[in-house]
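What follows is one structure encoded as structure tokens, with my remarks underneath.
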Amino acid sequence: MSRIQTITIVLQLPVPDDAEIPAEVLQQIKVSATTFGQHLICRAAKPFTDPASLLTWEQELHAVVPRECIDPVTGAMITAALKNPVVAMKAGGLLEMTPRVRLQKSNQHVTLDLLGGGSVTVKTHYYLRRASKRPNGKRGKAGNGLYPALSVLGIHERLTPAYASIVTREVIKGSLDEAQVTLATRGVHRDRKAIRRVVRIVSQRAIAFHKRLMKSGFTPAAPAWNLRGKRIGVFVDGGKVRTRKKKQGRRRKTGGKTFAADWREPRVIAICELDEKGRKRRRGYVRYDATIAKADEVFARLAAMLRELGAHEAKQWVIGGDGAKWIWKDRVDKLIEVVGYDADRVVEVVDFYHAVEYLSEFASHRKGWTDDERKAWVKRMKRRLRRGDVDSILDEMKPMCSGQHAKKLNEVVRRFQKNKHRMRYAEFRRAKIPCGSGVVESAVRRIVNLRLKGAGIFWKEVNAEGLLHLRARYLSGDWDAYMVQIFLPEQWWCLNSASHAEQRAA
């Protein structure tokens, strides 16, 4: 069979009679089908005979087909969508929700980046938000332009949703260099600056979306997961990240400025479904979040997450963490009140292994003890702690709080006194309540340590904040659903995003 005959067969594709495909899209499909057939024929003429040739054959085909065959069809579909009356109606509704906006230019040419590594130029209306007058007469950093029709489709900053999602996901999974190599194998050749821009845009939208969610107190009518009648674990813990902040002063001989490299504590949240044994349920719901923000904002995020998940209908909450003051200082009580949950169904637990560390810390400050005596004392107190007998531990500790390290010893005693009701470990085991916080300890390792922590790694706080939040959401397992939410127009964020989009289309 000749090459022309093969291409002719490729073009003879069955099209359903009731399929409403715009003429320009159908024409582009035919062109792309011809191009695809040509690529197949050219490569089929070079059969592979070893692993190297097979590897090259597959990689080349999978890199070129999305850019030369799929991207043009996607561009034609976007062009057709901009002419769709439904999209036009949604764009009109979006303009009504946007104050002080006026048409700046009709049929503005806009070049969009596509998932296959190519681009397409479309024509759409460009509107200008009337910003308040500034003394310098300049606009803000983010500008004040608006393409309403593109926003309805989830296209922001000239990036299609799939392209922005894939590039960002590769960066949060590994380093920037690794992401650049992985994208190149897909035919997406971008320099570091372009990749950083995409991640910055997505992270800024994600953080803005989350802040809007906390501010509005939004509770969806249909939660993302049905937690009614189930036991859930709510765990919080902190990690360590090295930040970078420029100092004022003269430049160094190399031309750069010196910077402060302070350690910051990112706080990690883990919400999971518990099984009948008090363990994290396999294939059950799990949600993570992480932020460098202060403790009050951490609990505001936690409250927003619990409202979003419909956790007020859960059978029981188990709130776990270490003995840090920022966790237990009146914030848990406020959290329960804000979400509207029954406080009698909440169990607070201090992680057993952190409590053992407090015993070791107390023993280390005792003067005159040998290492063997310290180990023997900790072992004896650990048995009492496992039984939940905190009173007898305190009775033995208090007479020892004197001497050179009395202040440090008394601090450990105060931790046990404040958290005594959170250390009823024997009772917790009988009730199948988890005594540890391994869920969030693992989350800290996966979210923070494996990506943001390492020798010679420093972060600007704004970059670390965005990457922490996005990586936590990626590990939660609902990345695509979350991307759909944040790519909706900002004017729709304060409402139930999915149902609101349907209402605008009706």
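For region 183-196, the candidate set comprises residues that are within 15 Å of THR56 (Cα to Cα) and touching a helix residue (DSSP H, G or I) at 6+ places or on another chain (Cβ under 7 Å); within that set, the residue that is surrounded by the most Cβ atoms within 10 Å (Cβ to Cβ) is GLY187.
Restrict the check to region 373-385 and report whether at least one residue is over 22 Å from CYS435 (Cβ atoms), not hydrophobic (A, V, I, L, M, F, W, C) and not in a helix (DSSP H, G or I). For region 373-385, residues over 22 Å from CYS435 (Cβ atoms), not hydrophobic (A, V, I, L, M, F, W, C) and not in a helix (DSSP H, G or I): absent. Residues of region 210-219 include none that is closer than 20 Å to ILE457 by Cβ and surrounded by fewer than 20 Cβ atoms within 10 Å (Cβ to Cβ). Take LEU94 and decide whether it is touching a residue at least 40 places away in the same chain (Cβ under 8 Å), closer than 17 Å to PRO489 by Cβ, of a type outside the set (Ser, Thr, Tyr) and touching a strand residue (DSSP E or B) at 6+ places or on another chain (Cβ under 8 Å). No: the conditions fail for LEU94. On the basis of being farther than 20 Å from VAL346 by Cβ and surrounded by 13 or more Cβ atoms within 10 Å (Cβ to Cβ), does CYS435 make the cut? It is false that CYS435 is farther than 20 Å from VAL346 by Cβ and surrounded by 13 or more Cβ atoms within 10 Å (Cβ to Cβ).
For ILE393, the conditions (1) out of contact with any strand residue (DSSP E or B) (no Cβ under 7 Å at 6 or more places or on another chain); (2) under 22 Å from VAL332 (Cα atoms) all hold with the exception of (2). Note on region 443-466: among residues that are touching a strand residue (DSSP E or B) at 6+ places or on another chain (Cβ under 8 Å) and in a helix (DSSP H, G or I), the one that is nearest to GLY233 (Cα to Cα) is ALA443.
Within region 390-404, none of the residues are under 19 Å from GLY320 (Cβ atoms) and among the charged types (D, E, K, R).
Within the option set GLY388, GLY320, GLY368, being in contact (Cβ under 8 Å) with a residue 60 or more places away in the chain and not hydrophobic (A, V, I, L, M, F, W, C) holds for one residue only, GLY320.
For first residues located in region 62-79 and over 18 Å from THR111 (Cα atoms) and at pLDDT 95 or above, partners that are in a helix (DSSP H, G or I) and not small (Gly, Ala, Ser) and lie 6+ apart or on another chain with Cβ distances below 9 Å do not occur.
Among residues of region 266-277 that are farther than 27 Å from THR243 by Cβ, those with a Cβ under 6 angstrom from a residue that is outside any strand (DSSP E or B), sequence gap 6+ or separate chain, pair up as CYS272/VAL439; GLU273/LYS230; GLU273/ARG281; GLU273/GLY284; GLU273/TYR285; ASP275/ARG281; LYS277/LYS432. The set of residues in region 333-356 being surrounded by fewer than 15 Cβ atoms within 10 Å (Cβ to Cβ) and farther than 30 Å from SER216 by Cα consists of TYR353 alone.
The values are calculated or read from the model by the stated rules, or taken from the named source; none is laboratory data. This is a predicted model, so every value here is computed, not measured. Positions of Cβ are backbone-derived with ideal geometry, glycine not excepted, and every protein chain shown enters the neighbour counts.
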